[in-house]
Amino acid sequence: MEQKIIKHVEASLYAAEYNFSKLPKELINMGGPSGIKTRHFLNNLLQMNMAKYLEIGVGSGSLTCSAMYNNTAKVFCVDNWTGSSREEFMENYKKFKGNNYTKLIEQSYRDIDTNKISKFNILLYDATLDYNDIYGTLPHFINSMEDVFVYIVDDINWRYIQSAAKKSIEDLKLTILYEKEIFLTNDETHTPMDVARETWWNGLYIVVLKKTPVEPENIKFTIEESK
């Protein structure tokens, strides 16, 4: 099972690098702060058998809709839409939902009772760029993840974002089975827009993780000041 997931992630990335997936031009050309290769990657990734996908921070839905398109996965979307993109998301969501089993959760991820949601094998964080929000995602949802799962964090051009994700992996004592880092700048700045749009926006961290049995009292979490 572990190797099948890793090979599927690698194949999904390889195809995305060549702009290959099932996505139509409408989704490739959709507005939104995400790169075209990222969209292809998620569409390919959710072709995995029994894909169960949890997305934290959906905005207007460019990644959500790309992940869902022509797939049959379980897709849960979490966002409190503090901005103005909710109506745009709903329009896109209804258009591209297809045959996926979906659920929208309109609240902060920290307020979700994880005892009331079932297991996932893919987790994408694309919400605020706050260190503690990024760090806290895995501890909050770890009991809702399968024993082996894919964790994806967007916007790692800013190194502290990846650092927050890695720190939570370390504190949860998870085993890294596969790791891919995509950086598009070396000075922690936004990728030039023409490159960002055509590729991976502001970088992407992709890791396949395996849970390690550990006594709860041996797990310690560290909250740091927001960057």
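From the helices alone, meaning DSSP H stretches of at least four residues, give me the mean residue ellipticity at 222 nm for the chain, per-run term -39500 (n - 2.57), in deg cm²/dmol to the nearest 500. About -10000 deg cm²/dmol. Comparing V195, V75, V150 in a Gaussian network model of the chain (Cα springs below 10 Å), the most mobile by mean-square fluctuation is V195. Simple point charges give the picture: +1 on the Cβ of Lys and Arg, -1 on the Cβ of Asp and Glu, and for segment 2-218 a dipole about the Cα centre of about 840 debye. Could you list, in their original order, any pairs among K22/K94; K25/K74; K116/K180; K25/K116 whose Cα atoms are separated by more than 28 Å? From K22/K94; K25/K74; K116/K180; K25/K116, over 28 Å: K116/K180; K25/K116. For segment 165-209, the list of trypsin sites (Lys or Arg not before Pro) that fall in a loop by DSSP and count at most 13 other C-beta atoms within 10 angstrom reads K173. By definition, a body whose alpha carbon gyration tensor gives a ≥ b ≥ c is oblate when a/c is 1.5 or more and a/b is not larger than b/c, and segment 92-208 fits this oblate description.
Full extension of the segment from M193 to E106, taken as 0.36 nm per residue of separation minus the current Cα-Cα distance, would add 28.4 nm.
Multiplying the residue separation of K210 and N19 by 0.36 nm and subtracting their alpha-carbon distance yields 65.8 nm.
To the nearest 0.05, what FRET efficiency results for N99 and I28 with a Förster distance of 25 Å applied to their C-beta separation? Write down the numbers at each step before the final one.
On the way: r = 21 Å, r/R0 = 0.83.
The computed FRET efficiency comes out at 0.75.
Based on the alpha-carbon gyration tensor of the chain, what equivalent-ellipsoid semi-axes (square roots of 5 times the eigenvalues) come out, in whole Å, largest first? The partial results should precede the final answer.
Details: eigenvalues 121, 78, 69 Å².
Ellipsoid half-lengths, sorted descending, are 25, 20, 19 Å.
Extension gain for N115-R159 works out to 12.6 nm (0.36 nm per residue, less the C-alpha to C-alpha distance). Return the single residue from G32, G59, G203 with maximal mean-square fluctuation; model: Gaussian network over the chain, springs between Cα atoms under 10 Å. So, out of G32, G59, G203, the one fluctuating most is G32.
The mean sequence distance of close C-alpha pairs (under 8 Å, at least 6 residues apart), as a share of the length of the chain, puts its relative contact order at 19 percent. Pick from T102, T128, T64: which is most flexible by mean-square fluctuation in a GNM of the chain where alpha carbon atoms under 10 Å apart are linked? Comparing T102, T128, T64 in the GNM, the peak value goes to T128.
Ranking of Y160, Y69 by neighbouring Cβ atoms within 10 Å, starting from the fewest: Y160, Y69. Once Rh is set to the Kirkwood radius over Cα pairs, what Stokes-Einstein translational diffusion coefficient, in µm²/s, holds for segment 33-96 at a temperature of 10 °C and a viscosity of 1.306 mPa s? Answer from the Stokes-Einstein relation: 134 µm²/s. If both residues of a DSSP beta bridge must be in segment 2-218, then about 40% of such bridges are antiparallel.
Bear in mind that the values in this text are calculations on the coordinates, not laboratory data. Predicted model only: the values in this text are computed from it and were never measured. Backbone-built Cβ (ideal geometry, glycine too); neighbour counts: all protein chains shown.
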